[in-house]
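**Q** Below is the structure I would like to discuss, written out as structure tokens.
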Amino acid sequence: MTMLHAAEAVEQPASPALSPFAWRSTSDEEIGSHASRAWFEGLAAKSRRVLVFEPCRSTASGAAAQGVADFEVLCHGRAAHAGVEPEKGANAVLELAHQCWR
């Protein structure tokens with residue numbers, strides 16, 4: 001379901017920065033993806049963004065799926081009164097979203 005919602009979101013007119021959009025999937029996804037690895041690496045090398053929708057399962061030692069990255073991002077904004085001086089504010093969450101889609 002998540003993949004369908006993502007596809008619908010990038011097809012919206014408000015998302016021109018996400019075009020063109022290509023959808024790729026494979027059933028060769030276990031233990032190294034021997035048949036499709038080179039193909040996916042070639043696609044990734046030509047792509048500005050890649051979304052991976054395979055969830056990992058938690059185990060006693062951590063995530064069970066390989067290829068998972070975990071990032072901690074810290075960003076700061078500037079508070080301002082929305083009714084008096086909104087131009088003095090800086091929305092850190094909105095700017096972070098813009099940076100992620102560049």
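**Q** Evaluate the following for C56: is it modelled with pLDDT of 75 or more, on the phi < 0 side of the Ramachandran plot, surrounded by 10 or more Cβ atoms within 10 Å (Cβ to Cβ) and not small (G, A, S)?
**A** Spelling it out, it is not the case that C56 is modelled with pLDDT of 75 or more, on the phi < 0 side of the Ramachandran plot, surrounded by 10 or more Cβ atoms within 10 Å (Cβ to Cβ) and not small (G, A, S).
Each row is one residue, and each column tells you yes or no for (1) open to solvent by less than 100 Å² (accessible area, probe 1.4 Å); (2) at positive phi; (3) at pLDDT below 80.
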{"site": "S15", "(1), (2), (3)": "yes, no, yes"}
{"site": "I31", "(1), (2), (3)": "no, yes, yes"}
{"site": "A38", "(1), (2), (3)": "yes, no, no"}
{"site": "R49", "(1), (2), (3)": "yes, no, yes"}
{"site": "H81", "(1), (2), (3)": "no, no, no"}
{"site": "E87", "(1), (2), (3)": "no, no, no"}
{"site": "L94", "(1), (2), (3)": "yes, no, no"}
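The values are calculated or read from the model by the stated rules, or taken from the named source; none is laboratory data. Given the structure is predicted, the values throughout are model-derived calculations rather than measurements. Because the Cβ atoms are built from the backbone with ideal geometry, glycine has one as well, and the counts that use them run over all protein chains shown. Areas reflect the complete protein model, heavy atoms only, side chains present, ligands, DNA and RNA absent. Shrake-Rupley method; radii C 1.70, N 1.55, O 1.52, S 1.80 Å.
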